[in-house]
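> Handing you a structure now.
Values in this text are rule-based calculations from the coordinates and carry no lab data. Computed from a predicted structure; not experimentally measured. Because the Cβ atoms are built from the backbone with ideal geometry, glycine has one as well, and the counts that use them run over all protein chains shown.
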Amino acid sequence: MERPGAKNVLVDAINDRSARPVVIGLGHVGLVEAVNYAEAGFQVAGYDINKDHVKAVNEGRSHLHDIEDSRLAKLIESGNLTAYDQPACLRDRDVYIITVPTLLTEEKDPDIRPVENVAAAIKEALSRPALVVLTSTCYPGATRDLLFDPLAKEGFALDEDFWLAYAPARIDPGNPDWPMTKIPKIVSGMTDDSLELGKLFLEQTIEQVIAADSCEAAEMTKLLENSFRLVNMGFMNEMAHVCHELDLDAGDLGRREFAATVASEIVDKLGQPFKLDDDRTVDVSASIGIAIYPDDGTNLDQLVVLADSAMRQAKANGGNRFEFFKKKDAKAA
Ligand SMILES: NC(=O)c1ccc[n+]([C@@H]2O[C@H](COP(=O)([O-])OP(=O)(O)OC[C@H]3O[C@@H](n4cnc5c(N)ncnc54)[C@H](O)[C@@H]3O)[C@@H](O)[C@H]2O)c1
């Protein structure tokens, strides 16, 4: 079904908002995507296998804190957004945005069945050149394995019958200062044309779209981001234990005025015995201040100096580990 100039036709349709996108999966990410594109002036279809979900959306009832019912209802009323629970709605679409869940199986392996199901549905529906954008969090190689391969096997040609992009979802639920539109987004494409179309489409709702060199690289950025977050959460949980032992309120760590005090307390209490619940040890390094106060204008230099000072004292006290945790029954006098 080669159509000369098909890419240019889609470029024009995206630019003049006549392109017809469908968002597949109207969950935490998908409903926000659907609303954003509908508000940008596109006639958006939302497809979800959860019938209750679809009914609620069409009745203007939002399941997301970040999207008020009135905002949703306005889009439904204007016809810019319509939700469907049948795959027939996937026919005659110009853009497929995939936002289905990618959780874990009971064996803790990635459960990619929702993406496989969507690929099968798109395969059935694809009847004109269209852009496919996967946004679900996936392993490096997933866009190729789960979308390119099945579509190519079916006889669809990349850059002629479809273009394929990967752009991991990034949202900060409940934070009105950082709506999805303001959070920079990574995009990648299986080909240069796929990247160009994917970037153009995302730029209709996202202020800053950054191109990655390959889909694998973009997939990896998402895993890096999530792993980074997990490590930081784990670190802060440990810090909360430490604060508890020091009779400090971990919640107060969020206040920049409190930052220097925390570091001073650590310095003051060095070498003293602590009342503890278990025997874990915690490294306290200069990164303590940075990990806690990423971008709020705190004087990081001061924090780094204080934390570094704590580390030096720990070393002077006989080691390069600052031991917060000792067994309760082993506490010194
Ligand atoms: N929620 C977040 O904060 C967040 C942030 C970044 C990335 N992500 C990633 O985005 C993806 C979507 O996450 P989410 O939180 O929106 O999930 P979600 O569970 O809130 O929503 C997914 C929706 O997809 C629907 N669905 C499942 N299979 C389907 C199918 N075959 N066809 C159509 N619809 C289908 C479900 O019914 C559900 O409504 C995941 O890969 C997730 O890891 C989520």
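> Here is a check on your reading of the model: is ASP177 away from the ligand (no atom under 14 Å from the Cβ), assigned to a loop (DSSP other than H, G, I, E, B) and touching a Ser or Thr at 6+ places or on another chain (Cβ under 7 Å)?
Details: away from the ligand (no atom under 14 Å from the Cβ): yes; assigned to a loop (DSSP other than H, G, I, E, B): yes; touching a Ser or Thr at 6+ places or on another chain (Cβ under 7 Å): no.
Considered against the rule, which asks whether it is away from the ligand (no atom under 14 Å from the Cβ), assigned to a loop (DSSP other than H, G, I, E, B) and touching a Ser or Thr at 6+ places or on another chain (Cβ under 7 Å), ASP177 comes out as no.
> Go through the range 198-229 and count every residue that is touching a helix residue (DSSP H, G or I) at 6+ places or on another chain (Cβ under 6 Å), under 21 Å from ALA38 (Cβ atoms) and in a helix (DSSP H, G or I).
Adding up the residues that qualify gives 2.
> Determine which member of the set GLU68, GLU39 is touching a residue at least 24 places away in the same chain (Cβ under 8 Å), acidic (Asp, Glu) and within 20 Å of LYS182 (Cα to Cα).
One residue alone meets the criteria, GLU39.
> Need a quick list: helices (runs of 4 or more DSSP H) entirely within the range 26-84 having at least 1 residues that are more than 24 Å from ALA167 (Cα to Cα) and more than 9 Å from the ligand (Cβ to nearest atom).
Where helices (runs of 4 or more DSSP H) fall fully within the range 26-84 and carry at least 1 residues being more than 24 Å from ALA167 (Cα to Cα) and more than 9 Å from the ligand (Cβ to nearest atom), they are 51-58, 69-78.
> Filter the range 85-118 for residues that are buried (at least 21 other Cβ atoms within 10 Å of the Cβ) and in a helix (DSSP H, G or I) and give the result.
If the condition is that a residue be buried (at least 21 other Cβ atoms within 10 Å of the Cβ) and in a helix (DSSP H, G or I), then LEU90, VAL115, VAL118 are the ones that fit.
> Could I ask something else about it? Please go through (1) among the charged types (D, E, K, R); (2) touching a residue at least 40 places away in the same chain (Cβ under 8 Å); (3) surrounded by fewer than 21 Cβ atoms within 10 Å (Cβ to Cβ) for LYS153 and return the number of the only condition it doesn't satisfy.
All conditions pass for LYS153, except number (2).
> Please state which one of ASP85, ASP48, ASP111, ASP92 is touching a residue at least 24 places away in the same chain (Cβ under 8 Å), in contact with a Leu (Cβ under 9 Å, 6 or more places away or on another chain) and acidic (Asp, Glu).
Sole residue among the options that is touching a residue at least 24 places away in the same chain (Cβ under 8 Å), in contact with a Leu (Cβ under 9 Å, 6 or more places away or on another chain) and acidic (Asp, Glu): ASP48.
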